[in-house]
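The values are calculated or read from the model by the stated rules, or taken from the named source; none is laboratory data. It should be emphasised that the depicted structure is a prediction, and the values quoted were computed from it without experimental measurement. Heads up, the Cβs are rebuilt from the backbone with ideal geometry, glycines too, and the neighbour counts pull from every protein chain shown. In case anyone asks, the SASA skips ligands and DNA or RNA and just uses the protein heavy atoms, side chains included. Shrake-Rupley method; radii C 1.70, N 1.55, O 1.52, S 1.80 Å.
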Amino acid sequence: MQSRKDQLLGLALVSPSILAVLIFVYGFIAWSGRVSLSQWKGLMPDYTWAGLQNYIGLFTDPRFRIDIRNTVVFTVLFVGGCLVLGLTLAILLDQGLRGEGFFRSLYLFPMAISFIVTGVVWRWLMNPAQGSRISGLNLIFDQLGLDFLINKWHTTPEWGIAFIAIPAIWQMSGYTMALYLGGLRAIPESLREAARVDGASEFAMYRRIILPLLSPITLSAMIILGHISLKVFDLIVAVAGKQIPLDVPAIYMWTTTFDGNFYGRGASIGILLLLSVAVLVIPYLRYTLKNEAEL
Amino acid sequence: MRYKTFLLFLILALVLVACGGGNNAATNTEPVAPAEEEAAPAQEEAPAEAEEMANQVEVFSWWTGGGEAAGLEAMIKVFNEKYPDIEFINAAVAGGAGTNARAVLATRLQAGDAPDSWQGHAGQELIGTYVAAGQLEPVNFLFEENGWLDVMPETLIPLISQDGNIYSVPVNIHRANVLWNNPTVLAENGIDVPTTLDEWFTAMDALQAAGMEAPLAMGEQWTAMHLFETILLASLGADDYNALWDGGKSWSEPEVAAALENFAKVLSYTNSDASALSWQDAAQLVVNGDAAFNVMGDWAEGYFREIGFEPNSGYGWSPVPGTNGNFQFLSDSFVLPVGAPHREAAIAWLTVAGSREGQDAFNPVKGSIPARSDGDRALYGEYLLSAMDDWSNNTVVGSLTHGVVANDSWKSEIDTALGLFLVDKDAATFQTALATACTSSGPCQ
């Protein structure tokens, strides 16, 4: 048992950070919430009550509809791509091949780069120019005679956003692999042996035993990747600049607030982003906390 | 053992993620940091060293690289010669076309920590944002005392004023309505430089027939807005164009619909990968002969020289077809804030910024022309001399993309409407959105 003195000391030690979090996280969330309900437009604050006007405006705004659609497309492809690729890499690495450490680092390294750098590199690779100005991946395809692969990448009408998922998957699938590999290593060898003794094929063993055991990892990965995906901003700006076909809520928030001085509208987009992330994260946190309490 | 190593590895990975996140946050807030650092000591020193503070002027801009920074240095040199006892503090914040700088400035003004003077695009970008917020003093007295009204074009003054008050001192002038061409391509195809929209369309049809897929080079979204404003001017003429911006003409009228039709037609001649190109990439297509035309401000001329092309042989220029006799301008200018910490020093800076000596120091280096019509002609190159001639005798109208005619909110609404139009090519919706934007953020009722 801790003594009362210890408890007080502990509280004193954490109080600065509690205070800082209260002010700089929850205080500013509350402030953003207030601004989102105001008419603030222009340089100087204007807290005139506007009710839900900003929110209603957003849901009738054709640009915001594009944003939501783009976010959904991007999230599905990015999270799905990372999970499939990450799991595949993890299973391959788990076969006990030589040089595992080397490959593990190799796949994980992209994660150490910031999205801005990834974006700049992929902007070159995914150069949509064709004909005499062809370059990047299109040039490689051209030289290899794989002409059918040459495409417009992120400038593809309607589905340009799908191509932004490629660099994102490239960057984050190694991380997903690491998560899965940790999960695979935690599965006792005895379970696999039991399955083999019972005559299960390798495929059936993965499908019936390994994958179900990995489902908590899949959930964690989906949460982590999902919230990155909802907030994506830097990657898109680095690859394609700020343009409507590839617009997402975070970019709209930035341009409308700082280029257009629509602070009220910008704050409402911010609050909507927070809510969408919260929908994803809060049930997960409750689930983990409950599980930890049971342990 | 193996499992432990792996766990360690995983923790390391998480730390890396955390760092990655931290880096991103730092990137976003980076521009704020330097300004705050500079601002903080100034505040601390204020009471203690008030005497010394009187001899400073802190000037805020986004001129941090290339010809702009060099031009600013040249002008600072003139300032130091004239006012050796005033210390010049260069509070420049880096970032494309001032996006970052303006966010930093907004933060400083909201915190009541104004610099002594700052750079802004002359016109509604300054007026709509800072005058509306009560941050700027009129500078009419400077124009009168220094005789600037006599040496700057008459049609310029209303565009940088509100209710008869002039709110900034223009240092340089750029022209937006320039059509750059490739003389070799035009000669090979027997095409004269077009002077009307119809001639231009005919010329581009001929080029397409000769196998040039996209005769007009365009870049990312803001260059489309730049093209849009020139076509609007070409279709409507100077008077109606001006009337659109001061509320004298409705955006719902059929002339605007016709202008949008012209714009849609012009877009049909552009390259399909436009959204992936910067303005430099697009301009380069012309000098390389991949395209025949490009509409871009006259900063493109500096770029053409930089990559080794000569005027007339490598690139030619003319006003955008249909805009002959009009000079669609944009200008960097400096302001006098209400309650400038060092008002006298700020006035001294503005006097230099508006002087012939100051402007002739800045502009040849930056590659623009002086706002005054009495610049020293020996200092400027062939293109700039032709621009100086037009500046002194053309009708001056303002640019949309570069902040003269519309305030920031209005412009950003137009930008959204234009972006949607580039996707769906629906002119009727575009026109409705333009009319709505004018009502919600412009002068329309």
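Quick notes on this structure:
- Remark: mean inter-chain Cβ contacts per residue of B:271-280 equal 5, using a 10 Å Cβ-Cβ cutoff to other protein chain atoms.
- Taken over the C-alpha atoms, region A:120-229 has Rg and Dmax values of 20.4, 62 angstrom.
- A Stokes-Einstein calculation at 25 °C with viscosity 0.890 mPa s, built on the Kirkwood radius of region B:245-381 over Cα pairs, returns a diffusion coefficient of 131 µm²/s.
- A:Arg133 sits among other residues whose Cβ lies under 10 Å from its own Cβ, and their net charge, with Lys and Arg +1 and Asp and Glu -1, is -3.
- Helix-only arithmetic for chain B: the sum of -39500 (n - 2.57) across DSSP H runs with n ≥ 4, divided by the residue total, places the mean residue ellipticity at 222 nm at -16500 deg cm²/dmol.
- Beta bridges from DSSP with both residues in the protein assembly as shown: antiparallel share about 55 percent, rounded to the nearest 5.
- Residues of region A:119-136 buried by at least 40 Å² on assembly (accessible area, 1.4 Å probe, chain alone as reference): A:Arg123, A:Arg133
- Take each residue of peptide B:216-223, count the partner chain Cβ atoms within 10 Å of its Cβ, and average: the result is 2.
- For a straight C-alpha distance cut-off of 20 angstrom, the lysines reachable from B:Lys425 (same-chain residues fewer than eight places away being disregarded) are A:Lys152, A:Lys242, B:Lys265, B:Lys411.
- Three-way shape call for chain B based on the alpha-carbon gyration tensor, with the a/c threshold at 1.5: oblate
- Annotation: peptides B:361-372, B:189-200, ranked by per-residue average of other Cβ atoms within 10 Å with the highest first, follow the order B:361-372, B:189-200.
- Additional length obtainable on full extension of the chain from B:Thr202 to B:Asn140, 0.36 nm per residue less Cα span: 17.6 nm
- Portion, in percent, of the accessible area of the protein assembly as shown that falls on carbon or sulfur, probe 1.4 Å: 60 percent
- Accessible area (Å², per residue) of the protein assembly as shown, counting only protein heavy atoms and a probe of 1.4 Å: 45 Å²
- Of the beta bridges in chain B, as assigned by DSSP with both residues counted there, near 55 percent are antiparallel.
- The radius of gyration of the Cα set in the protein assembly as shown, together with its Dmax, comes out at 29.3, 100 angstrom.
- Across chain B, Cα pairs under 8 Å and at least six residues apart give a relative contact order of 26 percent.
- The B-A contact accounts for approximately 3500 Å² of buried accessible area, totalled over both chains at a 1.4 Å probe radius.
- Across peptide A:244-251, the average count of Cβ atoms from other chains found within 10 Å of a residue's Cβ is 3.
- For region A:59-190: Kirkwood Rh in Å [reciprocal of mean 1/r, alpha carbons]: 16.9 Å
- Spread over its residues, the convex hull of the C-alpha atoms of region B:102-243 is 160 Å³ per residue.
- Over region A:67-294, equivalent-ellipsoid semi-axes from the Cα gyration tensor in Å: 35, 27, 13
- Note on chain A: GNM, Cα springs under 10 Å; of A:Ile169, A:Ile23, A:Ile56, the largest mean-square fluctuation is that of A:Ile23.
- The slack in the chain from B:Thr195 to B:Asp150, taken as 0.36 nm per residue of separation less the alpha-carbon distance, amounts to 13.0 nm.
- For chain A, hydrophobic long helices are taken as DSSP H runs at least 20 Å long by C-alpha position along their axis with mean Kyte-Doolittle hydropathy of 1.6 or more; these are A:211-230.
- Descending by average beta-carbon neighbour count within 10 Å, the peptides B:128-136, A:24-32, B:209-217 line up as B:128-136, B:209-217, A:24-32, the highest first.
- Both radii are taken from the alpha-carbon atoms of region B:182-265; with Rh as the Kirkwood radius, Rg/Rh is 1.04.
- Judged by the mean number of other Cβ atoms found within 10 Å, the most tightly packed of the peptides B:149-158, A:67-76, B:176-185 leads the ranking B:176-185, A:67-76, B:149-158.
- Local charge for B:Gly367 was computed over the other residues whose Cβ lies under 10 Å away, with Lys and Arg +1 and Asp and Glu -1, and equals -2.
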